[in-house]
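Chemist: Shown below is the structure under consideration.
The values are calculated or read from the model by the stated rules, or taken from the named source; none is laboratory data. Bear in mind that the values here come from a model prediction, so they are computed numbers and not experimental data. All Cβ positions, glycine included, derive from the backbone under ideal geometry; neighbour counts span all protein chains shown.
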Amino acid sequence: MNNRAKTIKTRTENSMILERPMVTRHYKMTWDLDRCVGCQMGPTACPKEALTHIDGEIKDGRMVTPPSVDVDPDACVLCGICVEVCPVHAIEMTVNGKQENPVIEYGAFPEIRGHLNFEKSEFDFSLKDFVIDNCPTNIISYNEEKDSMEIQFEDCIRCRQCEVASNGAFQVTQRWQGSVELHRDRCVEGCSACADVCPTRALYVDDTGELVLADYFCIKCGACMHACPIQPEFEEEEFTFESQGLTLTRSLKRLVNEEKLAIKVERWRVNHSPVKSAAWIEALRKLADDKASAVEIDRKRALKRKDLILALRGHILPDLTRDKE
């Protein structure tokens, strides 16, 4: 059977692959299911509704089977929108064996940008192991020959753990700005499923067994909301927008039970390259809340917060808070 131009799906326990071999272009999209946190940003932004969220399994308050995602190979057009919006870089796309994202390549979607800078002159190298241990994606290392820190920038999720652990020598700008709220009085007793799926440890269980939120580390992926037993409820709402002289009507899901949620994440605005297209406007309306004027936490104030330092692995509170009180 000739599979040329037919999308072929292969799924294992740890990965999912879509391939579309064509005469001149061979498309391949790979999901790292171990890295996926079930955030639903991909399914929300997908213009063809080809992606489906798979719930995780909670047992005795712990996430024993992590949430995931599935894809309909007949509906997916391999546009690459899910690749760009994925907050944890769980999806990779290649064309003819080289990394390429069609919606970025052809200007139909912006690059969603975050930034990470390292100021070597401001870094206390006695903290190097502390910074390395606190990177949740293991993309920071020490180069002994250069006597400097090295970063795999393409895999950084911009969580800002390194910023606080280094006392500001690392400086991070996140992709999304927004808010996260934890209402412990609404939590199911004994449940910490949200902490199990959080990719940045913005949600964690402290030494007393209490669920704690370190909001500055949150990347606004929303995985915690969808892992929580108190599920968000949505209703369909239409919106219209102008694009290239046309008036288009689309629908989005609007949250309607926020007063009942134990954890709530909002995305207000995004750092992105300049582009105006129907695909981007539609995705942005679906992913973001209408709070463009809100301001996130100031970096200098965050570096003085003891709760953020306590959220770090093996925190060294006396050292990092010295002369900051």
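Chemist: Is it the case, given these coordinates, that L246 is out of contact with any His (no Cβ under 6 Å at 6 or more places or on another chain), at pLDDT 90 or above and of a type outside the set (S, T, Y)? Steps first, answer last, please.
Modeler: Details: out of contact with any His (no Cβ under 6 Å at 6 or more places or on another chain): yes; at pLDDT 90 or above: no; of a type outside the set (S, T, Y): yes.
Spelling it out, it is not the case that L246 is out of contact with any His (no Cβ under 6 Å at 6 or more places or on another chain), at pLDDT 90 or above and of a type outside the set (S, T, Y).
Chemist: Quick check on region 190-213: of everything there that is free of Cβ contacts under 8 Å to residues at least 60 places away in the same chain and surrounded by fewer than 11 Cβ atoms within 10 Å (Cβ to Cβ), which residue is farthest from the chain's Cα centre (by Cα)?
Modeler: Pass one, region 190-213, residues free of Cβ contacts under 8 Å to residues at least 60 places away in the same chain: 195, 205, 207-211, 213.
Okay, now just the ones that are also surrounded by fewer than 11 Cβ atoms within 10 Å (Cβ to Cβ), so 207-210.
On the way: D207: 26, T208: 28, G209: 26, E210: 24 Å.
If we take residues in region 190-213 being free of Cβ contacts under 8 Å to residues at least 60 places away in the same chain and surrounded by fewer than 11 Cβ atoms within 10 Å (Cβ to Cβ), then T208 is farthest from the chain's Cα centre (by Cα).
Chemist: Here is a further query. Kindly establish whether N138 is surrounded by fewer than 18 Cβ atoms within 10 Å (Cβ to Cβ) and part of a strand (DSSP E or B).
Modeler: On the way: surrounded by fewer than 18 Cβ atoms within 10 Å (Cβ to Cβ): yes; part of a strand (DSSP E or B): no.
It is false that N138 is surrounded by fewer than 18 Cβ atoms within 10 Å (Cβ to Cβ) and part of a strand (DSSP E or B).
Chemist: Do we have M63 as surrounded by 21 or more Cβ atoms within 10 Å (Cβ to Cβ) and aliphatic (A, V, I, L, M) here? Explain how you work it out, then say what you get.
Modeler: On the way: surrounded by 21 or more Cβ atoms within 10 Å (Cβ to Cβ): no; aliphatic (A, V, I, L, M): yes.
When the stated conditions are applied, M63 does not pass them.
Chemist: Just one of (1) modelled with pLDDT of 90 or more; (2) under 21 Å from P43 (Cβ atoms) trips up A262, so point out which.
Modeler: (2) is the only condition that A262 fails.
Chemist: Continuing with the same structure: Go through E92, E57, E105 for me and flag whichever is in contact with a strand residue (DSSP E or B) (Cβ under 8 Å, 6 or more places away or on another chain) and without any contact (Cβ under 8 Å) to a residue 40 or more places away in the chain.
Modeler: Details: E92 fails: without any contact (Cβ under 8 Å) to a residue 40 or more places away in the chain; E105 fails: in contact with a strand residue (DSSP E or B) (Cβ under 8 Å, 6 or more places away or on another chain).
None of the others qualify; the one that does is E57.
Chemist: Still on this structure: Tell me, which strands (runs of 3 or more DSSP E) lie completely within region 1-46 with 2 or more residues that are under 22 Å from the mean Cα position of the chain (by Cα), outside the structural domain of T137 (by TED's automatic domain parsing) and touching a residue at least 12 places away in the same chain (Cβ under 8 Å)?
Modeler: Numbers: elements: 8-11, 15-21, 26-32.
Where strands (runs of 3 or more DSSP E) fall fully within region 1-46 and carry at least 2 residues being under 22 Å from the mean Cα position of the chain (by Cα), outside the structural domain of T137 (by TED's automatic domain parsing) and touching a residue at least 12 places away in the same chain (Cβ under 8 Å), they are 15-21, 26-32.
Chemist: Only one of C198, C191, C162 is under 23 Å from D289 (Cα atoms) and at pLDDT 95 or above; which? Can you show your working first?
Modeler: Working: C191 fails: under 23 Å from D289 (Cα atoms); C162 fails: under 23 Å from D289 (Cα atoms).
Within the list C198, C191, C162, the selection yields C198.
Chemist: A follow-up question, please. Check E145, E181 and return the single one that is more than 20 Å from the chain's Cα centre (by Cα) and at pLDDT 95 or above. Explain how you work it out, then say what you get.
Modeler: Working: E181 fails: more than 20 Å from the chain's Cα centre (by Cα).
Testing whether each residue is more than 20 Å from the chain's Cα centre (by Cα) and at pLDDT 95 or above leaves just E145.
Chemist: Within 25 Å of G61 (Cβ to Cβ), outside the structural domain of A45 (by TED's automatic domain parsing) and touching a strand residue (DSSP E or B) at 6+ places or on another chain (Cβ under 6 Å), is that true of K220? I'd like the intermediate steps shown before the answer.
Modeler: Values: within 25 Å of G61 (Cβ to Cβ): yes; outside the structural domain of A45 (by TED's automatic domain parsing): yes; touching a strand residue (DSSP E or B) at 6+ places or on another chain (Cβ under 6 Å): yes.
Against the criterion (within 25 Å of G61 (Cβ to Cβ), outside the structural domain of A45 (by TED's automatic domain parsing) and touching a strand residue (DSSP E or B) at 6+ places or on another chain (Cβ under 6 Å)), K220 qualifies.
Chemist: Confirm whether E154 is of a type in the set (D, E), buried (at least 18 other Cβ atoms within 10 Å of the Cβ) and not in a loop (DSSP other than H, G, I, E, B).
Modeler: Working: of a type in the set (D, E): yes; buried (at least 18 other Cβ atoms within 10 Å of the Cβ): no; not in a loop (DSSP other than H, G, I, E, B): yes.
Considered against the rule, which asks whether it is of a type in the set (D, E), buried (at least 18 other Cβ atoms within 10 Å of the Cβ) and not in a loop (DSSP other than H, G, I, E, B), E154 comes out as no.
Chemist: Hey, does region 72-79 have a residue that's closer than 18 Å to D155 by Cβ and at pLDDT 95 or above?
Modeler: The answer is no, given that none of the residues of region 72-79 is closer than 18 Å to D155 by Cβ and at pLDDT 95 or above.
Chemist: Just checking, does region 277-296 include any residue being basic (K, R) and more than 27 Å from T137 (Cβ to Cβ)? I'd like the intermediate steps shown before the answer.
Modeler: The first filter runs over region 277-296 and keeps only residues basic (K, R), leaving 285-286, 291.
From the residues that got through so far, the ones that are more than 27 Å from T137 (Cβ to Cβ) too are 285, 291.
Within region 277-296, one or more residues are basic (K, R) and more than 27 Å from T137 (Cβ to Cβ).
Chemist: Still on this structure: Please specify each residue of region 80-114 satisfying the condition of being of a type in the set (G, A, S), at pLDDT 95 or above and loosely packed, with under 15 Cβ neighbours inside 10 Å.
Modeler: If the condition is that a residue be of a type in the set (G, A, S), at pLDDT 95 or above and loosely packed, with under 15 Cβ neighbours inside 10 Å, then G97 is the only one that fits.
Chemist: I need a count of the residues in region 109-132 that are within 14 Å of F170 (Cβ to Cβ) and not in a loop (DSSP other than H, G, I, E, B). Quick ask: steps written out before the conclusion?
Modeler: Here is the first cut: in region 109-132, the residues within 14 Å of F170 (Cβ to Cβ) are 114-125, 127-128, 130-132.
Filter again for not in a loop (DSSP other than H, G, I, E, B), leaving 115-118, 120-122, 125, 127-128, 130-132.
Selection size over region 109-132: 13.
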